[in-house]
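First up is the structure itself, then whatever we jot down about it.
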Amino acid sequence: MTAPVDLRHYSMPAEWQPHRGTILTWPHRPEIWRGIHADVEAVFARLATELSRVEEVHINVPHAAYRDYATRVLARAGAQLEHVTWHLVDSDDVWARDHGPIFVVKRADAPAELPPMAMLDWEFNAWGGKFASALDNLIPRQINNYFSVPLVAPGLVMEGGSLEVNGVGDLLTTEAVLLNTNRNPQAERGQIEAALRLSLGVQRLHWLGAGLEGDDTDGHIDDIARFVAEDAIVAVAAPVDHPDHEALSANLARLRQMRGGTKDRPFRVGTLPSPEPIAFRGEHLPASYANFYIANGIVLVPIFFQKADNEALALLQAMFPDRRVIGIDGRPLVTQYGNIHCVTQQIPLV
């Protein structure tokens, strides 16, 4: 529903705040997955099953026949189908974090007559024109009819995986993505910062540098550092012999100099291990435990069947003591350079 909305009265909630549901885009193009499409479907079925136990699950599928097929897949997996809503929307790929809408909610001091929530429709160009994106770019406005909230187009190329907020005015991002000329060559840093302040209701932008080696997004923040509380960040660290050691060490040094939260103090910064380097058909993959997703009462974490899995799960359980931390096989998704956070997009509860 396209309608004028003053975004100055809205902000993006932190991921741990209550959800109405989660958006997924079903993997319906086997040719993308280089022989492991069945494994990818199994991951999506597991994700949808876990999520359906705690919140609504909204799944984009290309047509009714595929909806019926995917319904049978979820039924076999044990999903609570009464909590699943299907949207007949075609797509180029599965990365709902990036091609899906971002929802912003009305602030407590906003005029009462404003709607409680709005949907942002950024432009999506598949990480700088690397892949097809015409169908993906249409998804927010197509599913907007279902949600019946105002739809606002900020006018910039932007991906949800490049943005991390704590809900009280702080945003983490990377120079490698937002300042890359393959997104918004006409915009300087100050213009991008102004657009994010207006669109997401943030005041303080915190910039990290490079991302993980092999990340075809150019360096999304959700593989590097995540807010786990208003004043706390968890970031990935790597040993000196790891391909990502230099970039991650530089980012950690920046994080330890940053201030924010409601009291404008230095952030508490914890670390997650890096998995041992993973390759698929000769390609180094950007595997990261930071690509977790926070839902109602649970945290879904990619694991890689390595020794560091248990350490990462234990660390995240300590950071989220009131949620159940669940390990999900992250190996199929990372063959296409993303993971659990990349395929999910939260719908706030208002």
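Brief remarks follow.
Results for (1) hydrophobic (A, V, I, L, M, F, W, C); (2) touching a residue at least 24 places away in the same chain (Cβ under 8 Å), shown as yes or no for each residue.
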| position | (1), (2) |
| --- | --- |
| 54 | yes, yes |
| 59 | yes, yes |
| 68 | no, no |
| 72 | no, no |
| 76 | no, yes |
| 84 | yes, yes |
| 88 | yes, yes |
| 91 | no, yes |
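- Any chance residue 66 is at pLDDT 95 or above and more than 30 Å from residue 170 (Cβ to Cβ): yes
- Selection within the stretch 51-85 - of a type in the set (D, E, K, R) and either in contact with a Phe, Trp or Tyr (Cβ under 8 Å, 6 or more places away or on another chain) or under 22 Å from residue 99 (Cβ atoms) (or both): 55, 56, 67
- Filtering the stretch 295-324 to residues that are over 18 Å from residue 345 (Cα atoms) and aliphatic (A, V, I, L, M) leaves 303, 308, 312, 313, 314, 315, 316, 318, 319.
Residue by residue, here is whether (1) modelled with pLDDT of 95 or more; (2) over 19 Å from residue 37 (Cα atoms); (3) touching a strand residue (DSSP E or B) at 6+ places or on another chain (Cβ under 8 Å); (4) in a strand (DSSP E or B) holds:
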residue: 270; (1), (2), (3), (4): yes, yes, yes, yes
residue: 301; (1), (2), (3), (4): yes, yes, yes, yes
residue: 312; (1), (2), (3), (4): yes, yes, yes, no
residue: 316; (1), (2), (3), (4): yes, yes, yes, no
residue: 336; (1), (2), (3), (4): yes, no, no, no
residue: 342; (1), (2), (3), (4): yes, no, no, no
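- Hey, residue 45 without any contact (Cβ under 8 Å) to a residue 40 or more places away in the chain, of a type in the set (Gly, Ala, Ser) and touching a helix residue (DSSP H, G or I) at 6+ places or on another chain (Cβ under 8 Å) or not: yes
- Residue ID - surrounded by the most Cβ atoms within 10 Å (Cβ to Cβ), chosen from residues in the stretch 139-157 that are farther than 20 Å from residue 181 by Cα and touching a helix residue (DSSP H, G or I) at 6+ places or on another chain (Cβ under 6 Å): 139
- Enumerated helices (runs of 4 or more DSSP H) restricted to the stretch 1-99, each holding at least 2 residues that are under 30 Å from residue 115 (Cα atoms): 37-52, 96-99
- Here 92, 136, 121 are screened, and the one residue that is acidic (Asp, Glu) and farther than 29 Å from residue 167 by Cβ is 92.
The values are calculated or read from the model by the stated rules, or taken from the named source; none is laboratory data. In this text, all values refer to a predicted model and were calculated from it rather than measured experimentally. A quick note on method: Cβ atoms are made from the backbone with ideal geometry, for glycine too, and the neighbour counts reach across all protein chains shown.
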